[in-house]
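Asker: Sharing a structure here in structure tokens format.
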Amino acid sequence: MNLTFDVVDLGRADHPEIGEQAPDFTRPLVNDEYWEDTSLSELTAEAPVVLVFHPMDGDFPTTYIWQEIRDRGWDEYDAEVVGLSISSPYEHSRFLEEWGLEAFRLFSDPGNDVGDRYGISHDLDGMAGIEEPRPAVFVIGESRTIETGWVATEWPEFPPYDEIEAAIEEL
Amino acid sequence: MTETDSDPEEITLYRLQACPFCERVVRTLNGLDLPYRSRFVEARHSRRDAVRRLTGARTVPAIVDDRTGVTMSESANIVRYLETTYGDGSEPKPASASAPAGGDSE
């Protein structure tokens, strides 16, 4: 018997390319204790940013992605690694605590406008009215220039962690 | 370095969604045209260590005013402080009828 692992093809995304400027946005940025409105440009003014779009908190790929990022020690880079999903600030705060991710912060975008602005939205089959960004990682440097990036084309698909680390180390 | 979350022009307000005492402080801040940043915490007191580290208590509202170095909680105290520090010296407006009088907080 040929047991194959069926993946869903997400099709083409219309995301910003390497060398282009990452769209700015302001959303509640959540840590394990509180949240406050913060813009991407405020973060990039301080340090390069690794922006990780991930599925709703609680979905298994999200826990996989964040455990991998935590275990690889990405909080120790000079770049700031921040997440973004459609989950509410309350869910983000619990998620950070539950998985020992207190070193990281997550943007909350329940309306999925940021996913739309980055051209990476997809509708969720069987969950009427809910869309979210597909998994994606953008390494964003000075002036919000995209230094490198990855956008999932299948579901599930996980970020190329080693390549992203190499890009962060070159910043 | 640019200034972001430590902008000295701004007051930081720790607040809880739908908390009347917090809204009372918001009305006062807006009435005085004072810029402020909101930091939202959760209703469960055990989730409010960030506030406790600042004020010694887990109650909100609480403010941090970088211009004066003042940190305080209790809405009546905060409103009085803001009116005294930034008001024009006229009588403070009475608090909204929907919020109970007194220095309560949640």
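Asker: Charges at C-beta only: +1 for Lys and Arg, -1 for Asp and Glu. How large is the resulting dipole of chain A about its Cα centre, in Debye rounded to 20?
Answerer: The dipole magnitude comes to about 280 debye.
Asker: Go ahead and run the numbers for FRET between A:PHE60 and A:THR26, Cβ-Cβ distance against an R0 of 25 Å, rounding to 0.05.
Answerer: Computed FRET efficiency for A:PHE60 and A:THR26: 0.25.
Asker: With +1 on the Cβ of every Lys and Arg and -1 on the Cβ of every Asp and Glu, and nothing else charged, how large is the dipole of segment B:11-86 about its Cα centre, in debye rounded to the nearest 20?
Answerer: Around 320 debye, computed over segment B:11-86.
Asker: Looking at B:THR85, A:ALA47, A:GLY83, which one has the Cα that reaches farthest to the positive end of the dipole of the protein assembly as shown (charges on Cβ: Lys, Arg +1; Asp, Glu -1)?
Answerer: With unit charges placed on the Cβ atoms, the residue in question is B:THR85.
Asker: If you don't mind, there's one more thing I want to ask. What does the average come to when, for each residue of peptide A:26-35, you count the partner chain Cβ atoms lying within 10 Å of its Cβ?
Answerer: Per residue, the average neighbour count from other chains is 4.
No value in this document is a laboratory result; all are computed from the given coordinates. Because the structure is a prediction, the values reported are computed rather than measured. Using ideal geometry, Cβ is built from the backbone for each residue, glycine included, and neighbour counts are taken over all protein chains shown.
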